[in-house]
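The next block holds one structure in the form of structure tokens; read it before the comments.
The values are calculated or read from the model by the stated rules, or taken from the named source; none is laboratory data. These numbers were taken from a predicted model, which means no experiment stands behind them. Please note: Cβ atoms are built from the backbone with ideal geometry, for glycine as well, and neighbour counts cover all protein chains shown.
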Amino acid sequence: MQASDVVIRPTTADDWPAVRALRIEMLRDFPIAYAETLEHALEVDEAGWRLRAARGTTDGQTSIVAIEGTRWVGHMGGYIPDATSGPLLVGVYVAPDHRGDAAGVSRRLLAAVEEWARGYGSTLRLEVHETNARAIRFYEKLGFTLTGRSREYELAPGGLELEMIKPLA
């Protein structure tokens, strides 16, 4: 697979069936990474999925996907939680068979979110569960560093969400 075989683009409201399918795949792959339960996601109706899918074209938030042919293979999103904290990276997922691939799906998704984030601040933040060592290593490779700040993870099994930050050039 080559980079040209994967399309990176924002989502639209009409993408809602694919957004739903990818979110369910994400939650099945690593449930504690998304601050939502699979059970909750399965209960969201079409209107709710349309709202989520429309984030790709809404001011103050973004939803970017990677598509190979007709298969959605990755997602990263961002939003502004409040006026003082700047852009937050959320919903990071790359299908297992595309992690570390030659097409650079992870890096291309992140580049798209970073481009969006530059319009809102000089850094990009994220939160990662303390037990997700693979993700922490991945983020460190992409230039994020732990800030030392954390908060309680709101769903079972609990634990801490660790804050990481990356300066935007």
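For this structure, a couple of remarks:
- Selection from the stretch 43-79 of residues that are of a type outside the set (Gly, Ala, Ser) and touching a Lys or Arg at 6+ places or on another chain (Cβ under 9 Å): 44, 46, 49, 52, 61, 62, 64, 65, 67, 75, 79
- When restricted to residues that are among the aliphatic types (A, V, I, L, M) and either on the phi > 0 side of the Ramachandran plot or at pLDDT below 95 (or both), the stretch 26-50 contains 3.
- Count of residues meeting criterion [part of a strand (DSSP E or B), touching a residue at least 24 places away in the same chain (Cβ under 8 Å) and closer than 24 Å to residue 62 by Cα] in the stretch 117-167: 15
- Answer residue from the stretch 130-168, given it is exposed (fewer than 15 other Cβ atoms within 10 Å of the Cβ) and among the basic types (Lys, Arg) and is nearest to residue 118 (Cα to Cα) among those: 141
- Failed item, numbered, when residue 102 is tested on (1) over 23 Å from residue 29 (Cβ atoms); (2) over 17 Å from the mean Cα position of the chain (by Cα): (1)
- For beta carbons closer than 7 Å, sequence separation of 6+ or different chains, a first residue in the stretch 11-35 that is more than 30 Å from residue 159 (Cα to Cα) and a second that is charged (D, E, K, R) and buried (at least 20 other Cβ atoms within 10 Å of the Cβ), the qualifying pairs are 11/55.
- Restricting attention to the stretch 23-62, the residues that are surrounded by 14 or more Cβ atoms within 10 Å (Cβ to Cβ), of a type in the set (Asp, Glu) and closer than 24 Å to residue 87 by Cα total 1.
- Residues (in contact (Cβ under 8 Å) with a residue 60 or more places away in the chain and among the acidic types (Asp, Glu)) located in the stretch 91-105: 101
- Only one entry in 108, 125 is closer than 15 Å to residue 64 by Cβ, within 13 Å of the chain's Cα centre (by Cα) and surrounded by 14 or more Cβ atoms within 10 Å (Cβ to Cβ), namely 108.
- Once the stretch 75-90 is narrowed to residues that are in contact (Cβ under 8 Å) with a residue 40 or more places away in the chain and touching a helix residue (DSSP H, G or I) at 6+ places or on another chain (Cβ under 7 Å), the residue that is surrounded by the most Cβ atoms within 10 Å (Cβ to Cβ) is 78.
- Selection count where residues are small (Gly, Ala, Ser) and in contact with a helix residue (DSSP H, G or I) (Cβ under 8 Å, 6 or more places away or on another chain), scope the stretch 19-46: 2
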